[in-house]
1. Hey, can you find the accessible area per residue of the chain for me, probe 1.4 Å, expressed in square angstrom?
2. Can you show me the helix-derived [θ] at 222 nm for the chain, built from DSSP H runs with n ≥ 4 at -39,500 (n - 2.57) apiece and divided by the number of residues, rounded to the nearest 500.
3. Could you give the nm distance between label points at residue 60 and residue 21, where each point is 7 Å from its Cα heading toward the beta carbon?
4. How much accessible surface area, in Å² rounded to 10, belongs to the heavy atoms of residue 41 with a 1.4 Å probe?
5. Round to the nearest 10 and report in Å² the accessible area of residue 10, as given by a 1.4 Å probe over the protein chains' heavy atoms.
6. Report, to the nearest whole %, how much of the accessible area of the stretch 4-71 belongs to carbon and sulfur atoms, 1.4 Å probe, protein only.
Amino acid sequence: NAVAEHPGCTAYETASRIKWSKGNRAWEDFTPHNRWFAVGETLAHINFLILQGRVSRDSSGDNRLYYATGK
């Protein structure tokens, strides 16, 4: 949902928009260490969705941007 609602975002930007269950804390309250792990988890989910054809990746610029495919 985060990719569909905010197309063209990086994994970091997408991770910052996800509601995380760990203490129901806001992204701004995450330590840099926790953000690192959250982005890694977000990338794992994004890569799974890419394999399913539900998300696409644009690597043509300086960043990898993600888009929902509507499938």
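The values are calculated or read from the model by the stated rules, or taken from the named source; none is laboratory data. Not measured: the values here are computed from a predicted model. With ideal geometry, Cβ positions are generated from the backbone for all residues, glycine too; neighbour counts draw on all protein chains shown. Calculation scope for accessible area: heavy atoms of the full protein, side chains included, ligands and nucleic acids excluded. Shrake-Rupley method; radii C 1.70, N 1.55, O 1.52, S 1.80 Å.
1. On the way: 5080 Å² over 71 residues.
Averaged over the residues of the chain, the accessible area is 72 Å².
2. Details: 3 runs with 32 residues, N = 71.
Calculated mean residue ellipticity at 222 nm is -13500 deg cm²/dmol.
3. Taking the two extended label points, one gets 3.8 nm.
4. For residue 41, solvent-accessible area is about 90 Å².
5. Roughly 30 Å² of residue 10 is accessible to a 1.4 Å probe.
6. Values: 2570 of 4890 Å².
Of all accessible area on the stretch 4-71, carbon and sulfur atoms account for 53 percent.
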